[in-house]
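Each remark here refers to the structure printed beneath this line.
The values are calculated or read from the model by the stated rules, or taken from the named source; none is laboratory data. Note that the coordinates shown come from a computational prediction; the quantities given were computed from them, not determined experimentally. In this analysis, Cβ positions are derived from the backbone assuming ideal geometry, glycine residues included, and neighbour counts consider all displayed protein chains.
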2 protein chains.
Amino acid sequence: MLIIPFIFVIAVLALGVAAFFVRQIKSADKGSVKMQEVAAAISEGAHAFVKRQYTTIAIIAIIVAAIIFVVFTLVGKPDQAWHTAASFILGAFLSALSGIIGMFTSVRTNLVSAAAAEKNPARSLVVALRGGAVSGLTIIALSLIGISVIFTLFGANPEETPFLIVGFGFGASFIALFAQLGGGIYTKAADVGADLVGKFEAGIPEDDPRNPAVIADLVGDNVGDCAGRGADLFESTSAENIGAMILGVALFPVFGVSGILFPLIIGALGLIATVIGIFSVTEKDAQHEDPMHALNKGYYITAIVSAIFFYFAVMYLLNNIWFFYAGLVGLALSIVFLNITLYYTDHRFRPVQEIAKASTGGPAMNIISGMNVAFETTALASISIGLALIISYRLGEMSGVQSGGLYGTAIATMGMLAPCAYILAMDTFGPIVDNAGGIVEMSESSENAQRNVAKLDSAGNTTKALTKGYAVGSAALSAFLLFSAYMTEVSTLTGHVFSVVNMAKVDVFVGGLLGAMLVFLFASFAIRGVSLTAQYVIEEVRRQFKEKKILEGIDKPDYARCVDITTRGALKNMILPGLLAVLFPICIGILLKYEAMAAFLMVGTITGLLMALVLNNGGGAWDNVKKFIESGAYGGKGTEAHKAAIVGDTVGDPFKDTAGPSLHVLVKLLATTSLVLAALYI
Amino acid sequence: MLIIPFIFVIAVLALGVAAFFVRQIKSADKGSVKMQEVAAAISEGAHAFVKRQYTTIAIIAIIVAAIIFVVFTLVGKPDQAWHTAASFILGAFLSALSGIIGMFTSVRTNLVSAAAAEKNPARSLVVALRGGAVSGLTIIALSLIGISVIFTLFGANPEETPFLIVGFGFGASFIALFAQLGGGIYTKAADVGADLVGKFEAGIPEDDPRNPAVIADLVGDNVGDCAGRGADLFESTSAENIGAMILGVALFPVFGVSGILFPLIIGALGLIATVIGIFSVTEKDAQHEDPMHALNKGYYITAIVSAIFFYFAVMYLLNNIWFFYAGLVGLALSIVFLNITLYYTDHRFRPVQEIAKASTGGPAMNIISGMNVAFETTALASISIGLALIISYRLGEMSGVQSGGLYGTAIATMGMLAPCAYILAMDTFGPIVDNAGGIVEMSESSENAQRNVAKLDSAGNTTKALTKGYAVGSAALSAFLLFSAYMTEVSTLTGHVFSVVNMAKVDVFVGGLLGAMLVFLFASFAIRGVSLTAQYVIEEVRRQFKEKKILEGIDKPDYARCVDITTRGALKNMILPGLLAVLFPICIGILLKYEAMAAFLMVGTITGLLMALVLNNGGGAWDNVKKFIESGAYGGKGTEAHKAAIVGDTVGDPFKDTAGPSLHVLVKLLATTSLVLAALYI
């Protein structure tokens, strides 16, 4: 059995590359003293938040682990009790760890990227991408190591293990939920609070050092986009691996252990492809006018190398060309999804231009037009997902293998997630250059440096939007896999084959209705969390402006107090939506039983993914409408159209950075909770 | 067989009462010459729109009827071909007729209500309610007559008839879709256009006679709220009757023809209850400070009388007390739904107050807070629907009748729809008093008259919001019935029992995904229709202000041109969403077949109803936030909070009066299309 050692070695090597990047960053030029001061303030704030956030989460996680242990012991499965609880803790721990490592790297990289902006902007780009790669590589490597460890420890009988390690996925998604919610509320409350009082009431520019909430805003980019998204994609990849492994169990007679471990192998090969992709992006590429040129080059190289590896892996381990085609469908879907997101959020295309035009009619027209674009984004995305599912299923059927259709969709998901580490690197690139921009601005660097980072920042906005689209697409593809895993789990528990979710039964229909409802209610709570927390920030900034002579440049603002208030607000307001997401499905499952729970899961997933698209892309479009107008369209800054666009951007903030990404985590949390707790729903 | 004649007699009597009300209104005092001029302009505009709208719709309807005929002939069912096509035409015709009668009455009643406002405001209320009752009684009576006619003509074998008359339901929902879309786009485009240029750019008050779009705005209330909602509820009650009758067929061995005709009997008894309820509202009741007092009295009397009739009908025809209890569940759900809607849209409760408070932070905070309230509204509503479905199902099971559970949910739906004619009267009351307000304002009547109608107008806003909630609730309850009707239809066609919709199959899951997606895309198109049409209105009003001396009071505005432009815009922009709603499901059904179509229908219905709640209640809350602030909260008119509230109100307009109600029609159109065209999906 050489597969597990192989995965281990690759994962450790990937961690080595990440460590190499960290050393590179640590030894690089750190710019002026002023820059270092700003970076230190951001770093301090981020550390403070993460420390308190993870303390809170750890307490909740330990309670949940205890509950899992008790439940399984009560239903008479002491072995599974401690295995599941231990896996839960390990998943939670590794998820938290990968988020934290990514964040700590990015609060160091931002300074290095800012320092290079003046003389060598190409270096700014490359270092930011490598800083992002630390996140990407660490997250995927830790996920692979975690699953391999459990497989090795508990895997006396490989066929049973996948069911045990669902606890790992549950732990990962549990952390992801709170990390994304807490981070998402933090980042947008600080952003909205800083903007509303700073820009509108006091009339000072964005990132102005006189704004007491400016550091909190920059901290927010790290805790929301880095730590939050990191935990999110950690559990995405873990959940997908687990779903595919459970399916591999069904195919054990055909493929043996290779079928079960196949997703881990693809993950490991994806790591190698990502390392190649990252190293392929040189400072020479980064000298191109458009920063996306260099980033895209790396992405396409990663994708092509992944495809080649995929071919060999399929032929060597599964020996069936049809599954390779299914993998290509997944890779193609990821490219299609990136382009759909680009179409709806880039100012070169109709949607953003249409909203910008509507903005000349005032804020209401901006919002109306934005909402209709947001709703529209679901169309192409759903049709692509539908096609990818059906095609990969049919390809799988053509393999001639029993249950091959389902395995085809599993392979497609692996194809989509193969270049995941690179996508994550691009994603983390976003907050790093955003922060670099803030540091350059606050340290009063040259106009040239400001212009250079502004260009990177704009590319970062695009990559952040793309990743969110990618995350939704991969969740949709893997959702179907997780349903079948749940049904297999229930079949094992009841001893009867559970293969039918009949929506024509009243309880099942009600289950579906409530699943869809949870999505709306959860989004409502998440958005409200931002409103409430922003309210505290607004009051604090107003108070500081009133009591001190900050605007006149005499007194210094108290950044730390704003950071502290935002931290406390975000942590307080993440609890309610978090508990709703965990407890409500459990209640419904216990009351309406497993078939209704399946409908809850399925309809909840469909609605959740569509709403995530609406919120992410709507928010992304509003953001770029503002930037488009600021670049001179419809009269540029200061016009009525610009004011309207600012309203849209502010509305879009909690949509795209809090509710949307959290919904996406919710969907996977639903799947992992039902897998772990299926025993309660019988 | 005395049931059909009984239903006929009651329906004709109800039409007689409606005619009596019309005479009363015609012979009443019509106020000053100036009032009559304004009313004439509104009436003219409404006639012009309706004439052109129904000409367009008629053409599309004839094409669809021809397609139905051809399809059924091709699949070798010539009998069913002409029966279905003829039913379709009859349903479409009666739906259009009831919408038109209601609208013509309301454009006469508005004047009478306005004329009484000065001296006898209680009379204003009573006459407006009776004007509304003309709509309510006509709609329900025509629906009963139509279904009875088909049953008599084609019903050689009563067991087969319900399947034939699904064409009637399809015709009704087809008209409802276009009536609601066209009317909804018209009313909100005129409203938004009039407000944006009039209030903001020119700074003149609402309903100011100098605004060229003011007549178009008042026309809009009639064509959207009266004709649109009328057609909508015509098809609601028709579709529900058909669903219940199809189910009655399954129970034929138990109840005989009584089981099939039971829904029609309940409809007829509901008409009697409504007449009693309407007559119970006297001018004395209407003298109460709060106009809702009198309206609610009538409602509760109607509900109680309905319940008593229900008891006798159940005991006499079905002879099983459990079904009476199921009917009470439906009645209770209607009361619960009214109160949920009230909670979310009335300024006395938390949601509106919360949004109002957030408005002090500017338009963005108003929108964010409004969206989170809108999302939240789905929670209580879904839980109530879920409970009502499960409880009525269990009650039906206790009856001991085979398939009794499903029949229990059918009876609950009947219970909910029994007082439907009264609810419709309250609904149409809304646009009548809204128009009366406009007439009073434009004819420069006394302050006293203005104050009196303003109070009625505010009550009318509440009743309109309540009806929308009621419509969604009844659609949700009847949806489940229509699913089972669809499955019965497919079973008949294939000759195999089709009782399982398995979401764990890939095609079926994709069907569900695309069903949910259709909801978002359709909402997007409907909202965009409003944006585009409003754009024409805005340009026209700006042009008139620029070219003529209207604001100085020298030139008169050209109302007719605005009416004409809005008409053309609305008709043009209703085509795309209308065709999407009809054609997309058919394509999916043909491609993915009947089981996937069932999932499409089910998930589409769930998502559609939740989105309708979000859009209706969000819009209603924003509307009342504005009114709340205008009444003096947070500084009242002219403050920043007020400006923010106006933005929210404008955003809410197309949500609550175009997209929300149209979605609700879409959901039922999906059900009737799939019933009629099931043969294509085999």
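Being surrounded by fewer than 24 Cβ atoms within 10 Å (Cβ to Cβ), part of a helix (DSSP H, G or I) and touching a residue at least 40 places away in the same chain (Cβ under 8 Å) is the filter here, so list the residues in region A:335-378 that pass it.
Answer for region A:335-378, where residues must be surrounded by fewer than 24 Cβ atoms within 10 Å (Cβ to Cβ), part of a helix (DSSP H, G or I) and touching a residue at least 40 places away in the same chain (Cβ under 8 Å): A:Val336, A:Leu338, A:Ile340, A:Leu342, A:Gln353, A:Lys357.
Does at least one position in region A:409-429 carry a residue that is facing chain B (nearest Cβ under 9 Å) and crowded, with 24+ Cβ neighbours inside 10 Å?
Scanning region A:409-429, I find at least one residue that is facing chain B (nearest Cβ under 9 Å) and crowded, with 24+ Cβ neighbours inside 10 Å, so the answer is yes.
So which helices (runs of 4 or more DSSP H) are wholly in region A:235-325 and hold at least 3 residues that are within 30 Å of A:Ser499 (Cα to Cα) and charged (D, E, K, R)?
Here the list is empty.
Being more than 7 Å from every other protein chain (Cβ to nearest Cβ) and either more than 19 Å from B:Leu406 (Cβ to Cβ) or under 32 Å from the mean Cα position of the chain (by Cα) (or both) is the filter here, so list the residues in region A:493-509 that pass it.
Within region A:493-509, A:Leu493, A:Thr494, A:Gly495, A:His496, A:Val497, A:Phe498, A:Val508 qualify.
Of everything in region B:1-23, what is in a helix (DSSP H, G or I) and over 15 Å from B:Gly102 (Cα atoms)? Give them in sequence order.
Answer for region B:1-23, where residues must be in a helix (DSSP H, G or I) and over 15 Å from B:Gly102 (Cα atoms): B:Ile3, B:Ile4, B:Pro5, B:Phe6, B:Ile7, B:Phe8, B:Val9, B:Ile10, B:Ala11, B:Val12, B:Leu13.
So the check is Cβ under 9 Å with 6+ separation or different chains; which pairs have a first residue in region A:452-474 that's in a helix (DSSP H, G or I) and a second one that's polar (S, T, N, Q) and at pLDDT below 85?
Listed pairs, sorted by first residue: A:Val453/A:Ser445; A:Ala471/A:Ser236; A:Ser474/A:Ser236; A:Ser474/A:Thr237.
Anything in region B:510-559 that is small (Gly, Ala, Ser), within 14 Å of A:Ala374 (Cα to Cα) and more than 8 Å from chain A (Cβ to nearest Cβ)? List them, or say none.
Passing the criteria: only B:Ala526.
Considering each of B:Lys188, B:Lys199 in turn, give the residue that is at pLDDT 90 or above and within 14 Å of another protein chain (Cβ to nearest Cβ).
B:Lys188
Of the residues A:Pro661, A:Pro654, only one is assigned to a helix (DSSP H, G or I), within 11 Å of another protein chain (Cβ to nearest Cβ), within 18 Å of the chain's Cα centre (by Cα) and not acidic (Asp, Glu); which?
A:Pro654
Kindly provide the set of residues from region B:258-280 that are at pLDDT below 95, over 18 Å from B:Val9 (Cβ atoms) and of a type in the set (Val, Ile, Thr), ordered by number.
Passing the criteria: only B:Ile260.
Could you list, in sequence order, all residues of region A:106-130 that are over 17 Å from the mean Cα position of the chain (by Cα) and not aliphatic (A, V, I, L, M)?
Scanning region A:106-130 gives A:Arg108, A:Thr109, A:Asn110, A:Ser113, A:Glu118, A:Lys119, A:Asn120, A:Pro121, A:Arg123, A:Ser124, A:Arg130.
Residue check, B:Ala534 against (1) small (Gly, Ala, Ser); (2) buried (at least 22 other Cβ atoms within 10 Å of the Cβ); (3) within 30 Å of B:Leu680 (Cβ to Cβ), all met but one. Which one?
Every condition holds for B:Ala534 apart from (3).
Within region B:98-157, how many residues turn out to be under 30 Å from B:Arg451 (Cα atoms) and of a type in the set (S, T, N, Q)?
Of the residues in region B:98-157, 8 are under 30 Å from B:Arg451 (Cα atoms) and of a type in the set (S, T, N, Q).
Select from region B:387-405 the residues that are surrounded by fewer than 24 Cβ atoms within 10 Å (Cβ to Cβ) and under 26 Å from the mean Cα position of the chain (by Cα) and write down the one among them that is farthest from the other protein chains (Cβ to nearest Cβ).
B:Leu387
In region A:513-553, which residues are small (Gly, Ala, Ser) and either touching a Phe, Trp or Tyr at 6+ places or on another chain (Cβ under 8 Å) or assigned to a helix (DSSP H, G or I) (or both)?
A:Gly515, A:Ala516, A:Ala523, A:Ser524, A:Ala526, A:Gly529, A:Ser531, A:Ala534
One residue is enough: does region A:159-179 have a residue meeting the conditions more than 29 Å from A:Ala612 (Cα to Cα), among the polar types (S, T, N, Q) and assigned to a loop (DSSP other than H, G, I, E, B)?
no
Just to be sure, is B:Val614 under 30 Å from B:Ser484 (Cα atoms) and at pLDDT below 95?
no
I'd like to check something: does region B:572-586 contain any residue that is among the polar types (S, T, N, Q), farther than 28 Å from A:Phe520 by Cα and assigned to a helix (DSSP H, G or I)?
yes
Every residue in region A:257-296 that is of a type in the set (Ser, Thr, Tyr) and buried (at least 18 other Cβ atoms within 10 Å of the Cβ), please.
A:Ser258, A:Thr274
Looking at B:Leu466 and the list (1) modelled with pLDDT of 90 or more; (2) away from chain A (no Cβ under 14 Å); (3) surrounded by 24 or more Cβ atoms within 10 Å (Cβ to Cβ), which single condition is not satisfied?
(1)
I'm trying to understand the selection: among the residues of region A:376-386, which are at the interface with another protein chain (Cβ under 7 Å from one of its Cβ atoms) and within 21 Å of the chain's Cα centre (by Cα)?
A:Thr378, A:Ser382, A:Ile385
Here is a yes/no grid of residues against (1) assigned to a helix (DSSP H, G or I); (2) within 11 Å of chain B (Cβ to nearest Cβ); (3) among the aromatic types (Phe, Trp, Tyr):
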residue: A:Gly618; (1), (2), (3): yes, yes, no
residue: A:Ala621; (1), (2), (3): yes, no, no
residue: A:Lys637; (1), (2), (3): no, no, no
residue: A:Ala641; (1), (2), (3): yes, no, no
residue: A:Thr650; (1), (2), (3): yes, yes, no
residue: A:Leu666; (1), (2), (3): yes, no, no
residue: A:Ala671; (1), (2), (3): yes, no, no
residue: A:Leu677; (1), (2), (3): yes, no, no
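Report every pair of residues separated by at least 6 positions or lying on different chains whose Cβ atoms are under 8 Å apart, first residue within region A:25-39 and more than 24 Å from A:Val214 (Cα to Cα), second modelled with pLDDT of 90 or more and among the small types (Gly, Ala, Ser).
Pairs found: A:Ile25/A:Gly131; A:Ala28/A:Ala115; A:Ala28/A:Ala116; A:Asp29/A:Ala115; A:Asp29/A:Ala116.
So which residues in region B:91-105 are farther than 19 Å from B:Leu669 by Cβ and in contact with a Cys (Cβ under 8 Å, 6 or more places away or on another chain), if there are any at all?
B:Gly102, B:Met103
Between residues in region A:290-314 that are of a type outside the set (D, E, K, R) and residues that are surrounded by fewer than 20 Cβ atoms within 10 Å (Cβ to Cβ) and not in a helix (DSSP H, G or I), which pairs lie under 7 Å by C-beta distance while being six or more apart or on different chains?
What qualifies is A:Ala294/A:His288.
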